[in-house]
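The values are calculated or read from the model by the stated rules, or taken from the named source; none is laboratory data. Not measured: the values here are computed from a predicted model. Virtual Cβ from ideal backbone geometry, glycine too; neighbours counted across all protein chains shown. For accessibility, only protein heavy atoms count, side chains too; no ligands or nucleic acids. Shrake-Rupley method; radii C 1.70, N 1.55, O 1.52, S 1.80 Å.
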Amino acid sequence: MSQLLEVSNVSKTFGGVVANDDISIQVPEGAIIGLIGPNGSGKTTLFNSIVGYHPIDGGSIRFQDKEISSLRVPDIARLGMLRTFQQTRIYGEMTCVENMLISTPTRDEGFLGLFRDHRAEDMEKAEQLLDFVGLYSKRLLFAGDLSFGQQKLLEFAMALMNEPKLLLLDEPTAGINPTLINGIIDRLKRANADLGITLLVIEHNMRVIMNLAEHIYCLAHGQLLADGPPDVLRDDQRVIDAYLGAH
Amino acid sequence: MTANKPLLYGLVAIVGLVAPFVFPAYVAQFAFAWLFILFALTWDAQGGQMGYNSFGNILYFGVGMYVCIVVMVGYSYNVAEYTAPGGEKAFTFSTHQYIIGLALGTIAGGIASAILAIILGSGILGLRGHYFAIGTLGLGIAAGELAAGWDFIGAGSGVAAPVFPDAMGSRSLFFYFVFFAITVIAFFAYKWLYRGRFGLAINAIRDDEDKAEAMGLPTTHYKTMSWMVSAFFLGLVGGPVGLLIGFIDPRDTAFAGVTFGVWMVLMAILGGKGTIWGPVVGAIVFLIFKEVFWIYLLQWQQVALGALIVVIVVFFPQGIMGFLREQWPERFGHRVEETPLNDMNVRGEGEA
Amino acid sequence: MDNLLLLFQAPPLALQVLIDGLLVGAILAMPAYGMALVWGVMNIINVTQGEFVLLGGFITYILFTTTGISPIWGIPVSFVALYVIGWVIYKIVIFRIVDRDLFISILATFGISIMLQQLMNVFFGADIQTADPGLESWGFMDDMIIVAPIRLIAFAMVFVLGGILVMFMRQSRMGRAIRATSQNARAARIMGVDTDKVYATTYALNAAICGAAGALVVMTSVIGPFLGIIYTVRSFLIVVVAGLGNLGAVVVSALGLGALENYAGFILGAEFQVAFVYILMVVILIYRSLMLRRQRRYLT
């Protein structure tokens, strides 16, 4: 299996604080990879480095064998790598359908694509995906009026609308009603299996990530602590210590 | 509202065509009404729809005005001789010279402004928030100062516009129809732009630009295009305004930041930012305010206008259309109209 | 451009331009610091800086022409008068926009600035005024360099006022409350700081600083009701370069701007000096934005 995303020896410091130290992870095509670690262990920093929110101090990030560590966010997104946000970001003063319509892929659009009308198939797809995440009935509401959990689902649907090759999810179940979590796991798995989207997931909820990921990386204090399949990692003493605060 | 649209457009068209003949004494005011609608529409394309509050769009208006005059004069005569102090008195324009010169100048003004917007946009539109607002403010004033120091275009003493040929009848009426045409074209151009991806994209930039970038939208292209379209229409109308007023002062007519430049912002807010009809309504209401102030408040009118800005911005930032939409959501565009309806449907299904 | 050559041929002239620039620049530090204060504490870009300066100037001018006392007395009088005016403006308008988005604050203060311009126009007339304290110029180096003593006094006053401000901010209870609020308004409120009073004081203090600067401006240069915007833009430019809440950096940037501006005016011609300031601001903003873009960041 070829590597879709290859992060090698990436380091990032913020004014003397080491957020990521020499981190290497691989995301093979078609996989679901987990990224765990206690608060402040550098997970979101790593995400931001990958998708181009800030420059990295050292190392390399390759996506589909192309070096992307100096590209900026929109260029990386157009290559087919998207991320969702921990705090959930949607376009609040637009309806859900509009949020979906403007999320269609933009990679092959020329200049005139800026001005084109909405295609009927885009509309159809938007409605299907809204149905997939269970928001079809809310499609004409302003996205800003949805509940937090619904916004999270909408953001996920928008990401799917963009047909990414790799989707980076930052805590997809944080702040969501526990009864809905199984539904989210199921949808993530279906997006991976049916739509062929590779997933890299940050998650705090151990039950979720153990269920979801086939391979997990664990960060602590900005360093890669351990990695392996879920059942191996679950019994790893270093991981348990990191979460319980021991050294 | 959808069903009434042809009726509404028909009504506006009839009023637009007939009004100057019914009330000939007010033709100049009517002409300015169309101009103000255009101002508000072009400003709203950034300030309202895209969330980029520009205080410098007047730049494109002034550039268009100067380019138009230079091209128009240059079509028939030597520009430097014309702009020399008192020089314009030596030149008269025949109907033919005036019309062709005006047509060439107007189009050149629009194109020059549009090109300038693309060049400036690549740098200025990278700024956000405060920095964009103040940066554009500086841009608009700088242009006025530069024009005031450039002898070729008359420097600080300005330049008189070519005199309207007597053979062409009423100057006000002629320019009334010029403004009317440009504004109507602009209105439908924006309507068309807002309907498709362009409209959603600039709305997305307004709501969350970082998200739009993270979704791969070419935000820089959209922002530049939006600015370019506004610059084009402002540049287009600049020349005719200069010709109607008859004299071009660099700071008070062309790059009139304190009057036109602020008014365009105010009109868009007053009418309701981010709607297509808001700027139209806002411009008309503002013009009425302004005329009343000018008639009844001698020398205090500018003070009253400043107070009006503060009152509108502080107490009424949602504007007229925004207010109406809050009050009667069901009567406004289908975005909000269908929402409660649909919600009820869902609830109905749930109960069944 | 001939003047550029002249600067190299006649070093004393170059020095003269530099000295004039620095002396004027020092005065610019005052409204700039006030702007930084309001920006940092209240998150408002106050566009009325220039009008506050001119108001201070007009008050000094009126004091000078009606009573005949030295316009230097205008410094404390303008300071106090503008403190009151600033307080009143805060109580009528500004407190309503403290927590609103930045565009509303810019536009609202812009409206106030138009009102103040027009009020000055109505009450003081549109003419350009100056209040010459009547001190004789001092010549140096065989009168090749001439310095107006009032400019030196103004220069010194800036540092005196700066010193007082620093003491106020460090030592007084209100100064500490202002600094606390600027760091975290919510926390300050929870800890019992009356943030409304802090905001009112900050805004009034800013107006007062501008007023004192205006007294210096009317003595060293000219004022007119519509000359305000340039001081606002200069303040903004200085703050953008110097950052918020660092008085030392503000003074250095202001001196630099004064000198640069004066050289530009000398080389390009006085009619382009103001245009130079605006273009310099735009260029600096774009330059900083491009630098940040290389770090994958934005100027926000």
Open item on the list: How many Å² of accessible surface get buried when B and A come together, counting both sides, probe radius 1.4 Å, rounded to the nearest 100?
Closed with: 3300 Å²
Open item on the list: Along the Cα→Cβ direction, 7 angstrom out, place labels at A:Leu180 and C:Gln171. What is the inter-label distance in nm?
Closed with: 5.8 nm
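With a cut-off of 8 Å between alpha carbons and a minimum separation of six or more residues, what is the relative contact order of region C:30-110 in percent?
It comes to 36 percent, rounded to a whole number.
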Open item on the list: To check my understanding: the extent here is largest minus smallest coordinate of the Cα atoms along each principal axis. What are those three numbers for region C:1-119, in Å, largest first?
Closed with: 57, 41, 25
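Send over the per residue convex hull volume for region A:178-247, Cα only, as a whole number of Å³. Don't skip to the answer; put the middle values down first.
On the way: hull volume 6.5 nm³, N = 70.
Residue-normalised Cα hull volume stands at 93 Å³.
So, with +1 on the Cβ of K and R and -1 on the Cβ of D and E, and no other charges, what is the size of the charge dipole of region B:27-257 about its Cα centre, to the nearest 20 debye? Before the final figure, lay out the partial values.
Numbers: 10 positive and 13 negative charges, 99 e Å.
About 480 debye.
I need the calculated FRET efficiency for the pair B:Ile185 and C:Met291, taking r as the beta carbon distance and R₀ as 41 Å, to the nearest 0.05.
Details: r = 41 Å, r/R0 = 0.99.
Calculated value: 0.50.
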Task: Among B:Gln46, B:Leu104, B:Gly129 - extreme Cα towards positive end, dipole of region B:27-257, charges at beta-carbon - done: B:Gln46
Task: For region B:27-257, accessible area per residue (1.4 Å probe, heavy atoms of protein chains only), Å² - done: 30 Å²
- [ ] Using a Gaussian network model of chain C whose springs link C-alpha atoms within less than 10 Å, name the residue from C:Ala242, C:Ala212, C:Ala126 with the highest mean-square fluctuation.
- [x] C:Ala126
Task: Projected area averaged over orientations for region B:93-211, convex hull of C-alpha atoms, nm² - done: 10.2 nm²
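Rank these residues by their accessible area, most exposed first, probe 1.4 Å: B:Val163, C:Val98. Intermediate results must be reported in sequence, preceding the final value.
On the way: B:Val163 105, C:Val98 15 Å².
The ranking, largest first, comes out as B:Val163, C:Val98.
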Open item on the list: Which order do you get for B:Asp166, B:Asp208 if you rank them by accessible area with a 1.4 Å probe, largest at the top?
Closed with: B:Asp166, B:Asp208
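Relative contact order, percent, of region B:27-257 when contacts are C-alpha pairs under 8 Å separated by at least 6 residues? Let's see the in-between values first.
Numbers: 382 pairs, mean separation 97.0, N = 231.
This gives 42 percent for region B:27-257.
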Task: Per-bin percent of Cα-Cα distances, region C:92-148 [5 Å] - done: 4, 14, 13, 11, 9, 9, 10, 9, 9, 7, 4, 1
Open item on the list: As a test question: what accessible area, to the nearest 10 Å², does A:Met210 have when a 1.4 Å probe is rolled over all protein chains in place?
Closed with: 40 Å²
Open item on the list: Going Cα to Cα from B:Lys290, which lysines come in below 29 Å? Please leave out same-chain ones fewer than 8 positions away.
Closed with: B:Lys191, B:Lys273, C:Lys91
Task: For A:Lys12, net neighbour charge (Lys/Arg +1, Asp/Glu -1) across residues whose Cβ lies under 11 Å away - done: -3
Open item on the list: Under 21 Å between alpha carbons, and skipping anything fewer than 8 positions from A:Lys189 in its own chain: which lysines qualify?
Closed with: A:Lys125, A:Lys152, A:Lys165
Open item on the list: Could you tell me which residue out of C:Gly68, C:Leu4, C:Gly56 lies farthest along the dipole of region C:2-299 toward its positive end? Charges go on the beta carbon: Lys and Arg +1, Asp and Glu -1, centred on the Cα centre.
Closed with: C:Gly56
Open item on the list: Along the Cα→Cβ direction, 7 angstrom out, place labels at C:Ile146 and C:Gln9. What is the inter-label distance in nm?
Closed with: 2.1 nm
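Quick one: ranking C:Ser172, A:Ser147, B:Ser54 by accessible area, 1.4 Å probe, largest first, what do you get?
Details: C:Ser172 30, A:Ser147 60, B:Ser54 0 Å².
My answer, sorted largest first, is A:Ser147, C:Ser172, B:Ser54.
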Task: Binned Cα-Cα distances of chain A, short to long, each 5 Å bin given as a whole percent - done: 1, 6, 13, 17, 19, 17, 13, 8, 4, 1, 0, 0
Open item on the list: Considering only protein heavy atoms and a probe of 1.4 Å, how much of the accessible area of region C:2-299 is carbon and sulfur, as a whole percent?
Closed with: 66 percent
TODO: Let me see the pair-distance distribution of region B:86-160: every alpha carbon pair, 5 Å bin width, integer percents in order.
DONE: 3, 12, 13, 18, 19, 14, 9, 6, 4, 2
Task: Principal-axis tilt of helix C:49-67 within chain C, Cα atoms, nearest 10 degrees - done: 60 degrees
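Determine the gain in length on full extension of the stretch B:Tyr9-B:Ala84; use 0.36 nm per residue of separation and subtract their C-alpha separation, reporting nm with one decimal. Working shown, then result.
On the way: separation 75, 0.36 × 75 = 27.00 nm, distance 4.65 nm.
Gain on stretching B:Tyr9 to B:Ala84: 22.4 nm.
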Task: Carbon plus sulfur fraction of accessible area for region A:184-242, probe 1.4 Å, in percent - done: 47 percent
Open item on the list: Give me the base-10 log of I(q)/I(0) for region B:27-257 at each q in 0.08, 0.14, 0.16, 0.18 Å⁻¹, Debye formula, one uniform scatterer per Cα, rounded to two decimals.
Closed with: -0.30, -0.84, -1.05, -1.26
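Grab the other residues whose beta carbon is less than 15 angstrom from that of A:Leu225, score K and R as +1, D and E as -1, and report the net. Walk me through the intermediate numbers first.
Values: positive: A:Lys43, A:Arg234, A:Arg238; negative: A:Asp21, A:Asp22, A:Asp227, A:Asp235, A:Asp236, A:Asp241.
Residues near A:Leu225 contribute -3 overall.
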- [ ] Could you please state how large a percent of the accessible area of chain B is carbon and sulfur, counting protein chains only and using a 1.4 Å probe?
- [x] 68 percent
Open item on the list: Using Cα-Cα distances under 8 Å and only pairs 6 or more residues apart, what relative contact order does chain C have, in percent?
Closed with: 39 percent
TODO: May I have the extent of the alpha carbons of chain C along their three principal axes, as whole Å values ordered from largest to smallest?
DONE: 63, 57, 38
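Is the protein assembly as shown rounded, prolate or oblate when judged by the Cα gyration tensor, a ≥ b ≥ c being the square roots of its eigenvalues, rounded requiring a/c under 1.5 and prolate requiring a/b larger than b/c?
Working: a/c = 1.94, a/b = 1.33, b/c = 1.46.
Oblate.
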TODO: Please turn the phi angles of region B:57-62 into ³J(HN,Hα) values with the Karplus equation 6.51 cos²θ - 1.76 cosθ + 1.60 (θ = phi - 60°), one per residue in order, whole Hz, x for glycine and proline.
DONE: 4, 4, 3, 6, 4, x
TODO: Between beta-carbons, use under 12 Å as the cut-off and find the net charge around B:Tyr52, counting Lys and Arg +1, Asp and Glu -1.
DONE: +2
Open item on the list: Under the rule of at least 5 residues apart or a separate chain, name every residue whose amide H is placed under 5 Å from the amide H of A:Arg83.
Closed with: A:Leu168
Task: R0 of 60 Å, Cβ-Cβ distance B:Phe323-A:Asp231: FRET efficiency to nearest 0.05 - done: 0.50
